[in-house]
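Reading through the structure tokens given below for one structure.
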Amino acid sequence: MTTLHFSFVLYLIGLLAIGVYGRRKTKTIDDYVIGSRQLGPSTTALSAGASDMSGWLLMGLPGAVLVSGGSESLIFLGLVIGAWINWTFVAPRLRLASEKLDSSTISDYLAKQHDDHKLIKIVASSIIILFFTLYTSAGLVAGAKLFTTTLNIDYHFALLMGVVVIAGYTSIGGFLAVCWSDVLQAILMVLALTTVAILAATSLGIERNVEHFNLTSLSAPSFSLIGAVSLLAWGLGYFGQPHILARFMAINSAEGLTRARTISVIWVLICGVGAIAIGLIGHLHLDNLEDPETVFIVLSQLVLHPVCAGIVISAILAAIMSTVDSQLLIASTVLIQDCLGLKDTKTIAVRLTVIVLAILASVLAIDPNNSVLDLVAYAWAGLGASFGPCLLILLYNFRTTPTAIVWGIISGASIVVIWRNLNGGIFELYEIIPAFVISTLVISIVSRVTKRTH
């Protein structure tokens, strides 16, 4: 067994131990799906960060920056702004409102704002399952690329291995184990990104090929005003991401959210700067890299001892797992509890559903040419535009009707799908922007023409 294999095995054993411990602490279905609202501020912050900044941060973003020479880093700026707004204006209100209504998922919260409206639950749950399955497939693609690049194994076998590991761990541990493992994964991610960025900059140098460096070249075909606005618009997606909103619901008190916000934003800033730096260094030194999304892996193997490189690879796996496990858990919960209405079900039903959804996501991930960033962008827009407008409107006490919420969710998701499949001109704009605006208008207009009940 090589040192790289040993690092992988050691990391997976650690996750399994956390999963087993989490299972021992899980007594009820409420424990399994939301940890009975007992997360501390630090755990909430790092868990939210790790479940948000997934494999796209360590693979997708550095790869995009490598290709663009820096312009794609505007994604990160938009995300930092969106994250801060989300923690400041959404998290406190959602924490208090979700506890008052005894809601553990965003679909349940939206329904209970309208007398537990069943159609809202069904529509919202369906959208979550649809886009989370796509989101999960992005994580599985990232994991398969990781195993293929580092262990030199077949992509499809790597995909199967990733499904077995992630679905198995998630079905065992539940929400508490997912959040505790996120803390470990968040620490690994920040250490790996900063270490590789610093060592690569010092050992490879940053002066070579500097004339080819293109940070803000507005004349570049891939960078325009529409492109810049589209990249910054990623921040809009935060308001509708169920796996992040679940952390807000699960913290032990609303007062702890200020501390959690500080920890989370600092962590995101450090990780994002490290990821962008790695992409820029790759832009200078690895122009002919076959798959740009493997730049972090390649640089870590160039500048680190094999044991340390193995730890870095484990950090990438950590980033992937920290998002996929959350998404599988939440999608399974909304399917069983909100869509099918099996509120009093035992945890075994959710555990089995986790496995089924993981298999479905693996089917979508079967093409090795899939881009991690493209898949994440699609799912991020779909969730953000479907739930962001509804949530913001309800949290800030604007009157709505069940019909308005249903059509708001449907219109947001539909515009994302339609816009995604159109090309040229204005349709190069990131689909979350028109979808978010139209969903907001639909909710407002339909609320005015139907009888208000809220």
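Listed here are the helices (runs of 4 or more DSSP H) enclosed by region 42-112 that have at least 1 residues being free of Cβ contacts under 8 Å to residues at least 40 places away in the same chain and farther than 19 Å from T194 by Cα: 91-101, 106-112. Considered as a group, the residues in region 190-209 that are modelled with pLDDT under 85 and either over 26 Å from V67 (Cβ atoms) or in contact with a helix residue (DSSP H, G or I) (Cβ under 7 Å, 6 or more places away or on another chain) (or both) include one that is most open to solvent (accessible area, probe 1.4 Å), and that residue is R208. Note on region 399-454: residues that are open to solvent by 10 Å² or more (accessible area, probe 1.4 Å), among the small types (G, A, S), in a helix (DSSP H, G or I) and out of contact with any Leu (no Cβ under 9 Å at 6 or more places or on another chain) total 3.
Got a sec? Which of D108, D115 is open to solvent by less than 10 Å² (accessible area, probe 1.4 Å) and more than 17 Å from the chain's Cα centre (by Cα)? Testing whether each residue is open to solvent by less than 10 Å² (accessible area, probe 1.4 Å) and more than 17 Å from the chain's Cα centre (by Cα) leaves just D108.
Quick check on G55: is it modelled with pLDDT under 90 and touching a Cys at 6+ places or on another chain (Cβ under 9 Å)?
Details: modelled with pLDDT under 90: yes; touching a Cys at 6+ places or on another chain (Cβ under 9 Å): no.
Answer is no for this residue.
So how many residues does region 261-277 have that are of a type in the set (S, T, N, Q) and open to solvent by 30 Å² or more (accessible area, probe 1.4 Å)? So the count comes out to 1.
Quick one: which residue in T170, T150, T216, T133 is modelled with pLDDT of 80 or more and not hydrophobic (A, V, I, L, M, F, W, C)?
Working: T170 fails: modelled with pLDDT of 80 or more; T150 fails: modelled with pLDDT of 80 or more; T216 fails: modelled with pLDDT of 80 or more.
That would be T133, the only listed residue that is modelled with pLDDT of 80 or more and not hydrophobic (A, V, I, L, M, F, W, C).
In region 358-375, of all residues being farther than 23 Å from S230 by Cβ, open to solvent by 30 Å² or more (accessible area, probe 1.4 Å) and in a helix (DSSP H, G or I), the one that is modelled with the lowest pLDDT corresponds to L364.
Is one or more of the residues making up region 224-245 over 20 Å from G384 (Cα atoms) and modelled with pLDDT under 90? Yes.
The values are calculated or read from the model by the stated rules, or taken from the named source; none is laboratory data. Fair warning: this is a prediction, and the values are worked out from it, not measured in the lab. Neighbour counts run over all protein chains shown; Cβ positions are idealised from the backbone, glycine included. Protein only, heavy atoms only, side chains kept; ligands, DNA and RNA dropped before computing areas. Shrake-Rupley method; radii C 1.70, N 1.55, O 1.52, S 1.80 Å.
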